[in-house]
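Only one structure is covered here, and it is reproduced in the block below.
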Amino acid sequence: MANIETAPAEKESPFESMMSRLQVAAQALGLDEEVYNVLKSSSKQVVVSLPVTMDDGSIKVFDGYRVIHSTIMGPSKGGIRYDMEVDLDEVRALAAWMTWKCAVVDIPYGGAKGAVRCNPRTMSPGEIERLTRAYTLAMAEVFGPDKDIPAPDMGTSGREMAWLMDEFSRSRGTTVNAVVTGKPLVLGGSLGRIEATGRGVMVTTLAAMEKLKLNPSQSTCAIQGFGNVGSFAALLLQERGVKVVCISDITGAYHNPKGIDIAKAIEYRDSHNGLLEGFDEAEHIDGEALFGLDVDVLIPAAKGDVITMKNVQNIKAKLIVEGANGPTSANADAIINERGIMVAPDILSNAGGVTVSYFEWVQNRSGYKWTAEEVNRRSDRIMKEAFDNVYNTSQQYNVPMRIAAYIVAIDRVAKTYKFRGRF
Ligand code: NAD
């Protein structure tokens, strides 16, 4: 294919970063320009206006989106976010991201993403429920267990997924629990889903440490973000012998060179409004200082675009495992590669969540519940195989792990596209 310029140097957004890596991987694979053009565009974009009755009786109109990037590999899969800043461009990029993530771990889904532009923190539960039901009804012909399967994302949780499942089921006149994943357990949610992403981060970290000949029981780790992903990754890594010396949240970082008791930190967070503020088993340091600590493994698990040109030179870790989506800018990535630091990229490392979402859908469709042990064993196997495949691809093409992950994903989707044929 023609040589395609990567993202301009000043662009640091996670989405620009993603597109620039996609281009590099497509070039390394020698992908036809024709196929590349199919893969970079979205197959369907739906924009709706949602009039919702607010608690004071007024009617407010919200913008809702659903973008289906690709259904080449199977029904599309992707979360729904409620966020004031969201726009169609962002949803489009996030939908493509889901295609690559599902393809890296080889689960039979395409990629999608949905959003409603709203601020759920200023809305009552009743208003959020009516909004969710209006959105579901507007998307009733888009969603479907064989077509497009949503899940929670920023600003949504199992509660919204329960309303979505109920409203969709009403529109069909029968209970259709496989239309959405991330549901509460009683509605057909899967055991193991809550810890799935952190668990996948743990599996990826251990697999990468093995390649780097880092012995877990003699290694240290710092983790940014102590929410769902960060706290489970910390707990599970500590259980396997890794010394977690620094954790952080929006209140700053907490450092203890002797190792932090993660179970205690979780207990503290859960009894202090979800925050680590005041946690005195570690020294409180500036959140940014976490990136410069002398540790073996660094796990950004908070938010996008945190490793940038501003702090990349301070990093001392030998391994970065991306729990968050898009934590490293494209420019910082180039420096990391130059410095020989291994990066287990987001579309690989945090795919444990979508993998167990897939298991939830499989269980719903077969009407049979798996045990937590079955869920964990199967997701660990998928994550380990995906890691090995990406690692071997990086050796074969002599490219960093991130580009290798895109090569694995694009290659799978492109081959499937060619077999399926076209108009
Ligand atoms: P969460 O809301 O449960 O936790 C986020 C944590 O990050 C909180 O502890 C918060 O205080 C902290 N944080 C926010 N800003 C920070 C900052 N500037 N410095 C330090 N800490 C900060 O979110 P989560 O579900 O754990 O998701 C974290 C990341 O992982 C996001 O990028 C998300 O998109 C990604 N992700 C999550 C899942 C999942 O299953 N939850 C799956 C794939 C990817």
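Results, tabulated for the structure shown:
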| quantity | calculated |
| --- | --- |
| Scattering profile of the range 135-245 at q = 0.10 Å⁻¹ [log10 I(q)/I(0), Debye over alpha-carbon scatterers] | -0.43 |
| D (Stokes-Einstein, µm²/s), Kirkwood Cα radius, the range 330-395, 0.890 mPa s at 25 °C | 177 |
| Fluctuation leader among R66, R199, R377 - the chain, Gaussian network, Cα springs under 10 angstrom | R377 |
| Within the chain: Cβ-based charge dipole about Cα centre, in debye rounded to nearest 20 (Lys, Arg +1; Asp, Glu -1) | 1360 |
| Distance histogram for the range 76-137 (every C-alpha pair counted, 5 angstrom bins, percent rounded to whole numbers) | 4, 18, 22, 19, 16, 12, 7, 2 |
| Whole-number D in µm²/s for the range 298-407 (Stokes-Einstein; Kirkwood sum over Cα pairs; 4 °C, 1.567 mPa s) | 85 |
| Choice from K113, K211, K44 with maximal GNM fluctuation in the chain (Cα, 10 Å cutoff) | K211 |
| Estimated dipole of the range 14-77 in Debye, rounded to 20 [Cβ of Lys and Arg +1, of Asp and Glu -1, Cα centre] | 160 |
| Environment charge at F419 (Cβ cut-off 15 Å; Lys +1, Arg +1, Asp -1, Glu -1) | +3 |
| Rounded if a/c under 1.5, otherwise prolate or oblate - the range 209-336, Cα gyration tensor axes | oblate |
| Burial ordering of E385, E322, E195, fewest other beta-carbon atoms within 10 Å first | E385, E195, E322 |
| Distance cut-off 29 Å, percentage of C-alpha pairs in the chain lying past it | 45 |
| Cα gyration tensor, the range 177-220 - rounded (a/c under 1.5), prolate or oblate | prolate |
| Violating pairs (Cα-Cα greater than 19 angstrom) within the set K101/K213; K264/K384; K40/K415; K213/K384; K211/K318 | K101/K213; K264/K384 |
| Two-decimal Rg to Rh for the range 211-254 - Kirkwood Rh, Cα set | 1.01 |
| Around S42: net Lys/Arg minus Asp/Glu count, Cβ-Cβ under 11 Å | +4 |
| Relative exposure of S248, S349, S217, judged by other C-beta atoms within 10 Å (fewest first) | S217, S248, S349 |
| Fewest-first ranking of H69, H284, using other Cβ atoms within 10 Å as the exposure measure | H284, H69 |
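All of the numbers you see were taken from the coordinates with simple rules; none came from a lab. Please read all numbers here as calculations on a predicted model, not as lab measurements. Here Cβ is always computed from backbone atoms with ideal geometry, including for glycine, and neighbour counts include all displayed protein chains.
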